[in-house]
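The values are calculated or read from the model by the stated rules, or taken from the named source; none is laboratory data. Given the structure is predicted, the values throughout are model-derived calculations rather than measurements. As a convention, Cβ positions derive from the backbone with ideal geometry for all residues, glycine included, and neighbour counts pool all protein chains shown. We work out accessible area using only protein heavy atoms, side chains counted, and drop any ligands, DNA or RNA first. Shrake-Rupley method; radii C 1.70, N 1.55, O 1.52, S 1.80 Å.
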Amino acid sequence: NAGVTQTPKFQVLKTGQSMTLQCAQDMNHEYMSWYRQDPGMGLRLIHYSVGAGITDQGEVPNGYNVSRSTTEDFPLRLLSAAPSQTSVYFCASSRAQGWNEQYFGPGTRLTVT
Amino acid sequence: DAKTTQPNSMESNEEEPVHLPCNHSTISGTDYIHWYRQLPSQGPEYVIHGLTSNVNNRMASLAIAEDRKSSTLILHRATLRDAAVYYCILRDNYGNAGNMLTFGGGTRLMVKP
């Protein structure tokens, strides 16, 4: 199993540009989520999904959209990038909601200038 | 979810045991205690979790106080690869719609050869 994969690893955007961060898992997990980690801080939940076709907002959803058309993929869209969205983005998955063990991807480091 | 308190940093010698403390005096009866770690430039990695009893797995042991107001993650023999930020997280598995893990500051463990 590849586990949770994320692309790209690094990205630089100009303010106002849009882009999609990709996340995929090959473990047939129902639950997937996106977190962001700002320098020296813990992770904060952006959006999550409890299964294909179902998404909901986390702690810091503004400026981001998600969709879940398949079990495997959970892309995160930045609609109009702002410098405040400069961060490292992690995707995570787990077998189901409430499951104790979550698996995290390697992260995407995004810089918005 | 209730708050946790951890030391900012700890140091250990290689091949010696490490005890990482966590205080959670406002823990509720349905909060599980989770530990994750984050190696440099990587995503968080699940270590162990428990509710009331002490737990062991291939990575570590978790000792939970009888009143559940504190817990200790035990690495039996620290290696250089164990140098990471260790996060102690409380989560109500049943009341947490987003499966959210609330990451605090964590403890930065440094391992000396």
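Filter the range B:97-113 down to residues that are at pLDDT 95 or above and open to solvent by less than 50 Å² (accessible area, probe 1.4 Å) and give me whichever is nearest to the other protein chains (Cβ to nearest Cβ). If you could, list the steps in order and put the result at the bottom.
Residues of the range B:97-113 that are at pLDDT 95 or above, as a first pass: B:107-112.
Narrowing the set further to residues that are open to solvent by less than 50 Å² (accessible area, probe 1.4 Å) leaves B:107, B:109, B:111.
Numbers: B:Thr107: 12, B:Leu109: 16, B:Val111: 21 Å.
Going through the qualifying residues, I end up with B:Thr107.
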Residues that are closer than 23 Å to B:Leu39 by Cβ and open to solvent by less than 20 Å² (accessible area, probe 1.4 Å): list the strands (runs of 3 or more DSSP E) wholly contained in the range A:17-113 that include at least 2 such residues. A:19-25, A:31-37, A:43-51, A:87-94, A:108-112
Would you pick out the residues in the range B:73-87 that are closer than 17 Å to B:Arg58 by Cα and within 14 Å of chain A (Cβ to nearest Cβ)? B:Tyr86
Quick one: count up the residues across the range A:88-113 that are in contact with a Lys or Arg (Cβ under 9 Å, 6 or more places away or on another chain), at negative phi and within 14 Å of another protein chain (Cβ to nearest Cβ). 8
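For the range B:22-60, which residues satisfy the criterion of being aromatic (Phe, Trp, Tyr) and open to solvent by 20 Å² or more (accessible area, probe 1.4 Å)? Step through it out loud before you land on a result.
At the first step, the residues of the range B:22-60 found to be aromatic (Phe, Trp, Tyr) are B:32, B:35-36, B:46.
Of everything in the range B:22-60, those that are aromatic (Phe, Trp, Tyr) and open to solvent by 20 Å² or more (accessible area, probe 1.4 Å) turn out to be B:Tyr32, B:Tyr46.
Among residues belonging to the range A:52-75 that are of a type in the set (A, V, I, L, M) and touching a Ser or Thr at 6+ places or on another chain (Cβ under 7 Å), point out the one that is modelled with the highest pLDDT.
Within the range A:52-75, the subset of a type in the set (A, V, I, L, M) is A:52, A:54, A:60, A:66.
From what is left, the residues that are touching a Ser or Thr at 6+ places or on another chain (Cβ under 7 Å) are A:52, A:66.
Numbers: A:Ala52: 94, A:Val66: 97.
Checked the range A:52-75; the qualifying residue modelled with the highest pLDDT is A:Val66.
In the range A:1-16, what residues are surrounded by 11 or more Cβ atoms within 10 Å (Cβ to Cβ) and of a type in the set (S, T, N, Q)? Working first, answer last.
If we filter the range A:1-16 for residues that are surrounded by 11 or more Cβ atoms within 10 Å (Cβ to Cβ), which is where we start, we get A:3-8, A:11-13, A:15.
Selection gives A:Thr5, A:Gln6, A:Thr7, A:Gln11, A:Thr15.
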A:Thr7 vs (1) farther than 30 Å from B:Val55 by Cα; (2) among the polar types (S, T, N, Q); (3) facing another protein chain (nearest Cβ under 9 Å): all pass except (3)
Does the range B:14-31 hold any residues that are more than 17 Å from B:Tyr86 (Cβ to Cβ) and either β-branched (Val, Ile, Thr) or touching a Lys or Arg at 6+ places or on another chain (Cβ under 9 Å) (or both), and which are they? B:Glu15, B:Ser25, B:Thr26, B:Ile27, B:Gly29, B:Thr30, B:Asp31
Where the second residue is among the small types (Gly, Ala, Ser) and open to solvent by less than 60 Å² (accessible area, probe 1.4 Å) and the first is under 14 Å from B:Phe103 (Cα atoms) and lies in the range B:25-45, which pairs have Cβ atoms under 6 Å and are six or more apart or on separate chains? B:Ile33/B:Gly50; B:Ile33/B:Ser71; B:Arg37/B:Ala84; B:Gln38/B:Ala84; B:Gly43/A:Gly105; B:Gly43/A:Gly107
Scanning the range A:21-65 residue by residue, those among the aromatic types (Phe, Trp, Tyr) and within 12 Å of chain B (Cβ to nearest Cβ) turn out to be A:Tyr31, A:Trp34, A:Tyr35, A:Tyr48
